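To start, the structure itself, in structure tokens.
Any read-out appearing in this document is the output of simple, stated calculations on the displayed coordinates, not a laboratory observation. This structure is a prediction, so every number in the text was calculated from the model and none was measured. Counting neighbours? That spans all protein chains shown, and the Cβs are built from the backbone with ideal geometry, glycine included.
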Amino acid sequence: MSSQKLVRLMDIQDILKKNGISDLEKLHKAYVYAAQKHRGQQRKSGEPYLSHPLNVAYILAEMNMDLDTVIGGILHDTLEDTDATYEELSEMFGEDIAFIVDGVSKIGKIKFKSSEEKQAENFRKMLISMSKDVRVIVIKLADRLHNMRTIDHLDEEKRKRVAKETIEIYAPLAHRLGIAWIKWEMEDMCFRVLNPEMYYDIYNKVKLKRSERESYLNEIVSILKSHMKEEKIDAEIFGRPKHFYSIYNKMVKKKSSFNEIYDLLALRILVNTVPECYAVLGLIHSLWKPIQGRFKDYIAMPKSNMYQSLHTTVIGPKGMTVEFQIRTHRMNRIAEEGIAAHWKYKEGKPFDPKEDKSFIWLRQLLDQKELKRPQDLVDALKEDILPAQIYLFTPAGDVVELPRGSTPVDFAYNIHSEVGNTCVGAKVNGRMVPLRYKLRSGEKVEILTSSNQEPRRDWLNFVKTNRAKTRIRSFLRKKEQDRAIQIGQDLLEKEFKNNDLKLKD
């Protein structure tokens with residue numbers, strides 16, 4: 001998907017036909033409408049403004065989104081930048097499309113750096129729009145992606161502002177919705193804008209090492225294919241591209257050099273069935289020595305963004321470290337396309353996020369009415385949409401997902417506010433641990449409660465999740481209010497008593 005591609009209506013129609021959508025009359029009608037509304041408008045590049053909504057619609061079509069979403073992409077700027085009205089859109093294209101376009105327009109008006117109190121509610125509206133119809137945010141992601149592809153036409157100050165907002169808000173949202181390729185592309189483009197020197201340094205080093213890496217990976221692929229043929233396993237094997245921002249992040253976090261990070265090679269293997277995934281895993285481990293602690297089974301325990309795969313790292317030929325991702329073709333589509341691959345329709349209506357476990361994080365965020373300041377809400381979003389996950393078990397065997405660094409108090413509040421408010425201790429794998437204990441994936445957690453317990457202010461010093469923090473603050477705030485009321489009532493009663501007056505209930 002080139003940033004310089006000249007997109008025509010015909011290109012969008014061709015993709016939709018390949019996707020099995022043949023009735024394109026409404027699409028043509030939307031194109032004519034958008035062309036009329038945006039007539040005379042230009043982008044910073046000097047191109048006609050219509051080129052932008054067409055590119056957005058093209059991205060959505062490539063994502064295999066439904067026709068209404070693609071039409072929403074063509075019309076997404078009409079409410080904000082032209083004299084179009086909601087009523088007009090609803091009458092011409094239907095209530096569904098009008099609602100989507102209105103949702104995208106509302107998100108477009110949000111200034112994430114605003115310091116006004118009302119901004120928190122505006123930001124919440126963005127999430128509410130998303131919770132009602134996730135297509136709103138998918139269009140916004142496509143919109144932001146094309147804006148990033150053409151960002152060089154903006155002045156430096158605006159480039160940096162847009163890139164910072166994109167890497168802090170939109171790339172994590174793409175990740176949370178499981179749309180990996182948008183996340184990677186956004187991050188690399190933002191990296192180039194925000195840290196060009198480091199970006200081009202890594203870019204040039206990657207270019208230099210490409211041929212020797214490809215030669216080594218071809219050797220591995222040849223060995224694997226030979227053994228898979230013997231086992232009658234039909235598989236696709238290909239190298240995974242290393243993303244520049246990901247390389248940079250690993251260099252910073254691990255305090256390692258480029259060569260130490262980049263020498264770790266990566267292959268992806270796609271098979272037809274889940275049993276074949278485990279068969280391939282066994283085959284790899286029989287050929288090369290696995291590195292202890294580097295195996296992850298995201299098939300048995302998927303990530304919160306629907307991602308499923310087996311991960312393993314081995315010492316390959318010549319002592320080189322090789323990472324493998326093993327998954328089915330369906331899992332790969334979900335890993336790349338996320339929510340777009342999961343698109344579920346019942347009688348022509350989009351699925352209800354309230355019924356989908358993938359949206360638990362969104363519902364919990366919206367429930368936190370205690371988040372008054374805009375920055376609190378932005379921070380909460382950042383914390384909740386891109387955590388490093390751990391998976392824990394209740395005594396009944398249910399799985400609880402929390403960010404890495406969570407404590408038994410976070411676990412308790414995840415179960416229920418009352419369990420959190422009254423927790424006095426916890427047992428992890430049968431042994432007592434302090435409330436500030438850092439939980440680890442795979443542990444079984446039992447929360448101990450007492451009706452005499454209540455949240456303590458020092459819990460705020462060690463809890464990890466935004467949910468726990470807001471519940472604790474809410475309880476403490478109410479307790480202080482109740483205490484102030486009681487003090488006031490006692491003073492009033494004393495004053496009345498001193499003056500021989502009676503205070504009515």
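Which percentage, to the nearest 5, of the DSSP beta bridges contained in segment 196-339 is antiparallel?
Taking every DSSP beta bridge within segment 196-339, about 65 percent pair in antiparallel fashion.
How large is ³J(HN,Hα), in whole Hz, for each residue of segment 47-59 in order, when computed from phi with the Karplus curve 6.51 cos²θ - 1.76 cosθ + 1.60 and θ = phi - 60°, using x for Gly and Pro?
Coupling constants for segment 47-59: 6, x, 4, 4, 4, 5, x, 5, 5, 4, 4, 5, 4 Hz.
Write down the radius of gyration of segment 9-194 and its Dmax, each obtained from C-alpha positions, in Å.
Taking only Cα atoms of segment 9-194, I get Rg and Dmax of 16.0, 48 Å.
How high is the FRET efficiency from residue 404 to residue 28, r the C-beta distance, R0 30 Å, rounded to 0.05?
0.05
Say a paramagnetic label sat at a point 7 Å from the Cα of residue 156, along Cα to Cβ; which residues of segment 196-227 have their backbone N under 20 Å from it?
Zone members listed by number: 196-201.
Could you pull out the pairs from 183/318; 17/232; 160/254 whose alpha carbons sit more than 29 Å apart here?
Distance filter (> 29 Å) returns 183/318; 17/232.
Please list, in chain and number order, the residues 5+ apart from residue 400 or on another chain whose amide H is under 5 Å from its amide H, with Hs placed from the backbone.
Those qualifying (amide H under 5 Å, at least 5 residues apart or on another chain) are 392, 393, 394.
Read phi for every residue in segment 71-86 and hand back ³J(HN,Hα) as whole Hz from Karplus 6.51 cos²θ - 1.76 cosθ + 1.60, θ = phi - 60°, with x for Gly and Pro.
So the Karplus estimates, Gly and Pro as x, are 5, x, x, 5, 9, 4, 9, 5, 6, 7, 10, 9, 8, 5, 10, 4 Hz.
I need the phi-derived Karplus couplings for segment 451-465: 6.51 cos²θ - 1.76 cosθ + 1.60, θ = phi - 60°, integer Hz, Gly and Pro marked x.
Going residue by residue, I get 5, 8, 7, 8, x, 10, 4, 5, 4, 5, 6, 10, 5, 9, 7 Hz, with x marking Gly and Pro.
Per residue, how big is the convex hull of segment 11-89 when only Cα atoms are used? Give it in Å³.
Normalising the Cα hull of segment 11-89 by residue number yields 87 Å³.
Would you mind ranking 471, 161, 192 so that the residue whose beta carbon has the fewest other beta carbons within 10 Å leads the list?
161, 192, 471
May I ask for log10 I(q)/I(0) of segment 196-339 at q = 0.14, 0.18, 0.19 Å⁻¹, from a Debye sum over the Cα atoms as equal point scatterers with solvent left out?
Values, matching the q order: -0.72, -1.15, -1.24.
Once amide H atoms are placed 1.01 Å from N in the peptide plane, what residues at a sequence separation of 5 or more from residue 463, or on another chain, have their amide H within under 5 Å of its amide H?
none
Sort 257, 246, 451 so the one with the fewest other Cβ atoms within 10 Å of its own Cβ comes first.
Sorted ascending by nearby Cβ count, the order is 451, 257, 246.
Roughly what would the spin-label model give for residue 257 and residue 45, points 7 Å off Cα along C-beta, in nm?
That separation, rounded to one decimal, is 4.0 nm.
Would you grab the residues whose amide H sits under 5 Å from the one on residue 269? Only those 5+ places off in sequence or on another chain, please, with H modelled 1.01 Å from N.
325, 326, 327
At R0 = 45 Å, how high is the FRET efficiency between residue 200 and residue 415 if r is their beta carbon distance? Nearest 0.05 is fine.
Here the calculated transfer efficiency is 0.40.
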